[in-house]
Amino acid sequence: MSDSNSGPSPVTGEAVPVGTGIRQWLFRPPRRHGEVETSRNVSFLELFYDLVYVVLIIQAAHALAEDVSWRGMATFAVVFGMIWIAWLNGTLFYELHGREDGRTRSLIFVQMMLLSLLAVYAGHADGDDGRTFAALYALLLALLSYQWYSVYRRDLPELRETPRRYLLVMVAGVVVVAASVPLPADVRLAVWAFFVAAWCSAECVILISWRREPSYGVVTESMVERFGLFIILVLGELVIGVVNGLTATEPSALNTTTGLLGLAIGFGFWWNYADLASRRLPREAGHSLATWIFTHLPMAMAVAAAGAGMVGLAEHAADHRTPIAVSWLMGGSVAVMLLTTVVLLPALADYDRYLSAYKSVQAALVTAAVAALLVGWSRPAPWLLALILLLLLFATWVFAFVRWLRQGSLINERTAE
């Protein structure tokens, strides 16, 4: 396969008739299970695809920023979960089965069209727009299911059991979401919440069973990079939240300081994720791969939720105490980011090699997460809330850095990258 960022390769061998070449480029079937390309790079098309999901997330986060309440948070969590499930399916399909050809590109562009339409209705999915959102999402799931089926029918008989189970869960998801279209808004939201929880649970069980005795490897550097890039892209919502919050308020030193402190929280998210979890391969077998994949859902959700909270921080910068919902949202987002990192670390392939270092870092992360929740509960002034959360993130990174300096070999590996 040519470099994944390039277009069709120039002819280097025997000439192929134009008609044959077009058919091969447009109708070549996807790779079977087991045909994993371990040396490929993340393509420009994948990055383009992820950017469309970021637009969806921005719409959902804006809705949360406008309604920072328990209902608003619940709606955001459910809608974000649905968005992430679709992203996971598109990402894993390209990683395991996609090709640099016209068929793969065409199907991805169709998905991107559906995702763009979904973004129109994502901001008010808990109201009347939810009917259209559900119909479009069911259609997207059906398209993704078709892609998985196109692989299943080409798989070797001995490799079909797990894909069959996966397909059944996908089809069940299409039915459940489609059935929610005519329901009242609150009932529809409850059905979506059931879908997200049930789908993740079922696929997690399937993945654990499949990887108990893996017949071939699926973990690649490109897959790890793709998950990391998605976290980085979602961090863009945090920057947007700061900008929106500052734009909506009168310019002042206090407002600007509060906004910049909030932005620095995003830097803390990036720094901890980049040095503790990114670019590290997960284990292949057991429950580790499932843990690694599905822990990225609440982690990415926490980053996006913090972006929505930034608007409230900036708008209430002059208040003596942060509004309770905003305070809990910010403290909870930082706590979830830290705790999901704690859960993620044991799933890494090098965890046992540096067990003592990782365990001490996990203890520091848990301590900081509890402190973040206490800060959210205490509701200090917005600038002080942002400052304390930033210091907690900074302290965890400094602790990890010092711990790894003492470890020696690990820090040398990281700096060599």
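What follows is calculated from the coordinates using simple rules that are stated; it is not laboratory data. It should be emphasised that the depicted structure is a prediction, and the values quoted were computed from it without experimental measurement. When we count neighbours, we look across all protein chains shown, and the Cβ atoms used for this are built from the backbone with ideal geometry, even at glycine.
Whole-Hz Karplus ³J(HN,Hα) for segment 57-68, in order, using 6.51 cos²θ - 1.76 cosθ + 1.60 and θ = phi - 60°, x for Gly and Pro?
The phi angles translate into 5, 4, 4, 5, 5, 5, 4, 5, 4, 7, 9, 7 Hz.
Extension gain Arg32-Ala363, at 0.36 nm per residue separation less the Cα-Cα distance, in nm?
115.0 nm
May I have the convex hull volume per residue, in Å³, for the Cα set of segment 37-210?
Roughly 116 Å³ of hull volume per residue.
Could the peptides 180-190, 87-97, 313-323 be put in order, highest first, of the mean number of other beta-carbon atoms found within 10 Å of their residues?
Per-residue Cβ counts within 10 Å, averaged per peptide and sorted highest first, yield 87-97, 313-323, 180-190.
Please report, to two decimal places, log10 I(q)/I(0) for segment 221-416 at q = 0.09, 0.17 Å⁻¹ as given by the Debye formula with identical point scatterers on the Cα atoms and no solvent.
-0.33, -1.04
With all distinct Cα pairs included, what does the Kirkwood hydrodynamic radius of segment 193-305 come out to in Å, to one decimal, could you say?
16.3
Mind checking the dipole of the chain: about its Cα centre, +1 per Lys or Arg Cβ, -1 per Asp or Glu Cβ, Debye to the nearest 20?
Roughly 760 debye, rounded to the nearest 20.
In nm, give the distance between the simple-model label positions of Thr132 and Glu158, each being 7 Å from the Cα along the Cα-to-Cβ direction.
Each label point is offset 7 Å from its Cα along the Cβ direction, giving 5.1 nm.
Could you compute the FRET efficiency for Val243 and Ile324, with r as their C-beta to C-beta distance and R0 at 25 Å, rounded to 0.05?
So, using R0 = 25 Å, E works out to roughly 0.55.
With r defined as the distance between the Cβ atoms of Arg165 and Arg406 and R0 fixed at 56 Å, what FRET efficiency is calculated, to the nearest 0.05?
0.75
Return the sequence-ordered ³J(HN,Hα) values of segment 150-156 in whole Hz as given by the Karplus equation 6.51 cos²θ - 1.76 cosθ + 1.60 applied to θ = phi - 60°, using x for Gly and Pro.
Once θ is set to phi - 60°, the couplings for segment 150-156 become 5, 7, 4, 6, 9, 5, 5 Hz.
Please give, to one decimal in nm, the separation of the simple spin-label points placed at Tyr216 and Trp271, each 7 Å out from Cα toward the Cβ.
With each label point 7 Å from Cα toward Cβ, the separation is 4.3 nm.
When the label point is put 7 Å from the Cα of Ser209 along its Cα-to-beta-carbon vector, which residues of segment 264-295 have a backbone N closer than 18 Å?
Correct set: 285-291.
Find the relative contact order for the chain and round it to a whole percent, using C-alpha pairs within less than 8 Å whose residues are 6+ positions apart.
Contact order relative to length: 16 percent.
FRET efficiency for Trp377 and Leu139, Cβ-Cβ distance as r, R0 = 41 Å, nearest 0.05?
Given R0 = 41 Å and the Cβ-Cβ separation, E is 0.45.
For the chain, treating each Cα as an identical point scatterer without solvent, what Debye log10 I(q)/I(0) comes out at q = 0.08, 0.11 1/Å?
These q points yield log10 I(q)/I(0) values of -0.47, -0.87.
Taking the highest mean first, how do the peptides 29-35, 344-350, 382-388 order by number of other beta carbon atoms within 10 angstrom per residue?
382-388, 344-350, 29-35
Multiplying the sequence separation of Val120 and Leu260 by 0.36 nm and subtracting their Cα-Cα distance, what value in nm do you get?
Length difference between fully extended and current span is 47.4 nm.
Can you list the HN-Hα couplings for segment 103-108, worked out from phi with the Karplus curve (6.51, -1.76, 1.60; θ = phi - 60°), rounded to whole Hz and with x for Gly and Pro?
Each residue of segment 103-108 in turn: 5, 4, 5, 4, 5, 5 Hz.
How far apart, in nm, are two points set 7 Å out from the Cα along the Cα-to-Cβ line at Gln24 and at Ala172?
Each label point is offset 7 Å from its Cα along the Cβ direction, giving 4.2 nm.
Give the separation of the Cα centroids, segment 232-275 to segment 16-87, in Å.
Their Cα centres are 25 Å away from one another.
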